[in-house]
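The values are calculated or read from the model by the stated rules, or taken from the named source; none is laboratory data. Given the structure is predicted, the values throughout are model-derived calculations rather than measurements. Cβ placement follows ideal geometry from the backbone for every residue including glycine, while neighbour counts extend to all protein chains displayed.
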Amino acid sequence: MQKVYLDNAATTAIRQEVIDEMVQIMQQDYGNPSSTHSVGRSAKAVIETGRKTIAKCLNCKSQEILFTCSATEATNWILRSAVKDYGVKRIITSKVEHHATLYTVLALQEEFGIQVDYVGVLPNGTLDYAQLDLLLVAEVITLVSLMHVNNETGVVNDINRIGAMCHQNKALFHCDTVQSVGKTEIDLQEIPIDFIVASAHKFHGPKGVGFAFVRKSLVLQPMLFGGEQEKGWRAGTEAVHQIAGMAKALELSYENINEERDYIADLKSYCLQQLQAAFPEARENASTTFYNILNVLLPFSEDKTTMILFNLDMKGIAVSRGSACQSGSLKPSHVLAEMLSEDDLKKPSLRISFCHYNTKADIDYLVEVLKEI
């Protein structure tokens with residue numbers, strides 16, 4: 001059976017060069033990086049080289065990069081530390097954020113009684129920047145948590161603008177850059193941003209490793225206690241091979257970014273054209289979207305909505321209706337619920353996400369199978 005993977009916003013295939021790098025590290029640099037002997041020092045050198053590589057890709061200081069097991073962990077850590085240690089009394093976010101942010105904010109609201117304000121989302125998926133501007137005026141210690149690229153719709157937020165607004169109003173700015181790191185240039189010397197988070201498996205690296213950027217003027221308190229790893233901020237023996245794999249994946253992503261971005265953007269355009277040729281009423285659910293994510297509403301009857309992913313999977317096609325973290329839920333996407341009418345929510349919306357391994361033949365096959373449904 002033909003296999004077509006079009007769910008790259010959920011995770012990506014690991015590049016072969018990354019696999020080779022990780023295997024080499026596991027075979028040769030297997031020491032505990034906290035050990036003082038030569039085997040440990042060698043492993044420690046791998047970690048610090050990886051930290052410098054990531055910092056170079058993002059134009060920041062290597063000491064501003066902290067390794068975690070995921071962006072979810074990093075977000076929990078940053079938001080909790082902001083409330084506990086920086087005296088944040090209010091968090092401004094939106095209802096279309098990843099649940100790693102939304103559920104963390106709700107937990108902090110329940111535990112610490114912080115104020116939570118939600119920026120409105122317009123029907124095309126973009127933020128209501130005028131409302132954000134008004135929310136920031138209040139004189140209360142505030143953290144803003146807004147993502148760069150929405151993981152379901154691909155809507156791109158203007159993080160330069162948001163950062164400037166936060167800086168002007170003395171608010172901290174945390175940004176979920178999971179879908180954008182490795183896929184677009186991010187210059188942390190130019191963007192007024194305090195924290196970003198990323199996961200390696202979104203840019204063709206291994207699962208189970210990510211990082212946080214923490215501006216050098218800020219200090220997080222540990223969420224995990226034990227050893228003195230990561231400046232004493234995050235205890236636990238580092239996964240040396242995972243970190244090396246992540247650094248290699250990010251380096252390769254930026255080395256190939258222009259060629260791969262153009263190729264993927266062309267695939268996305270071709271996909272939308274072919275879908276609309278086959279189903280004239282099909283439309284993208286948002287505007288100003290990222291080049292590798294297409295969230296499209298299909299003019300299918302309501303009775304076909306619940307089985308569409310199953311039918312596609314039976315034909316070897318991997319796509320999704322939204323975040324992989326919510327794939328077991330029968331509820332409509334919390335992101336699309338903020339944007340679409342009740343009637344449109346009953347129709348199938350597919351998130352089709354691309355990478356440089358995809359081809360136009362993949363898209364042709366997807367459209368062919370959808371016609372059969």
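Let's see how each residue does on (1) assigned by TED's automatic domain parsing to the domain that holds Ala82; (2) farther than 27 Å from Gln16 by Cβ; (3) hydrophobic (A, V, I, L, M, F, W, C); (4) not in a helix (DSSP H, G or I):
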position: Val219; (1), (2), (3), (4): yes, yes, yes, yes
position: Lys231; (1), (2), (3), (4): yes, yes, no, no
position: Glu260; (1), (2), (3), (4): no, no, no, no
position: Asp266; (1), (2), (3), (4): no, no, no, no
position: Leu275; (1), (2), (3), (4): no, yes, yes, no
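Is there any pair with a first residue in region 105-124 that is assigned by TED's automatic domain parsing to the domain that holds Arg283 and surrounded by 15 or more Cβ atoms within 10 Å (Cβ to Cβ) and a second that is modelled with pLDDT under 95 and among the small types (Gly, Ala, Ser) whose Cβ atoms are under 7 Å apart and which are 6 or more apart or on different chains, and what are they?
Pairs found: none.
Can you pull out the residues in region 166-186 that are in a loop (DSSP other than H, G, I, E, B) and either among the basic types (Lys, Arg) or under 13 Å from His148 (Cα atoms) (or both)?
From region 166-186, those in a loop (DSSP other than H, G, I, E, B) are 169-171, 177-180, 182-183, 185-186; that's our starting set.
Listed by number, the residues that qualify are Lys170, Thr177, Val178, Gln179, Ser180, Gly182, Lys183, Glu185, Ile186.
For region 338-355, indicate whether the set of residues that are among the charged types (D, E, K, R) and buried (at least 20 other Cβ atoms within 10 Å of the Cβ) is non-empty. Working first, answer last.
Step one: filter region 338-355 for residues among the charged types (D, E, K, R), giving 338, 342-344, 346-347, 351.
After this cut, where a residue has to be buried (at least 20 other Cβ atoms within 10 Å of the Cβ) as well, the list is 351.
Yes, because at least one residue in region 338-355 is among the charged types (D, E, K, R) and buried (at least 20 other Cβ atoms within 10 Å of the Cβ).
Do we have any residue at all in region 301-310 that's touching a residue at least 60 places away in the same chain (Cβ under 8 Å), surrounded by fewer than 17 Cβ atoms within 10 Å (Cβ to Cβ), aromatic (Phe, Trp, Tyr) and in a helix (DSSP H, G or I)?
Scanning region 301-310 turns up no residue that is touching a residue at least 60 places away in the same chain (Cβ under 8 Å), surrounded by fewer than 17 Cβ atoms within 10 Å (Cβ to Cβ), aromatic (Phe, Trp, Tyr) and in a helix (DSSP H, G or I).
For region 99-121, indicate whether the set of residues that are in contact with a Cys (Cβ under 7 Å, 6 or more places away or on another chain) and in a helix (DSSP H, G or I) is non-empty. Outline the logic, then answer.
Let us first name the residues in region 99-121 that are in contact with a Cys (Cβ under 7 Å, 6 or more places away or on another chain), namely 99.
Filter again for in a helix (DSSP H, G or I), leaving 99.
Yes, because at least one residue in region 99-121 is in contact with a Cys (Cβ under 7 Å, 6 or more places away or on another chain) and in a helix (DSSP H, G or I).
Part of a loop (DSSP other than H, G, I, E, B) and either crowded, with 20+ Cβ neighbours inside 10 Å or in the same structural domain as Asp194 (by TED's automatic domain parsing) (or both), is that true of Thr36? Lay out the reasoning, then the answer.
On the way: part of a loop (DSSP other than H, G, I, E, B): yes; either crowded, with 20+ Cβ neighbours inside 10 Å or in the same structural domain as Asp194 (by TED's automatic domain parsing) (or both): yes.
Yes.
Among residues belonging to region 332-373 that are more than 30 Å from Gln16 (Cα to Cα) and small (Gly, Ala, Ser), point out the one that is nearest to the chain's Cα centre (by Cα).
Selected residue: Ser333.
Can you confirm whether Gln24 is exposed (fewer than 15 other Cβ atoms within 10 Å of the Cβ) and either over 14 Å from Ile243 (Cα atoms) or of a type in the set (Ser, Thr, Tyr) (or both)?
On the way: exposed (fewer than 15 other Cβ atoms within 10 Å of the Cβ): yes; either over 14 Å from Ile243 (Cα atoms) or of a type in the set (Ser, Thr, Tyr) (or both): no.
Considered against the rule, which asks whether it is exposed (fewer than 15 other Cβ atoms within 10 Å of the Cβ) and either over 14 Å from Ile243 (Cα atoms) or of a type in the set (Ser, Thr, Tyr) (or both), Gln24 comes out as no.
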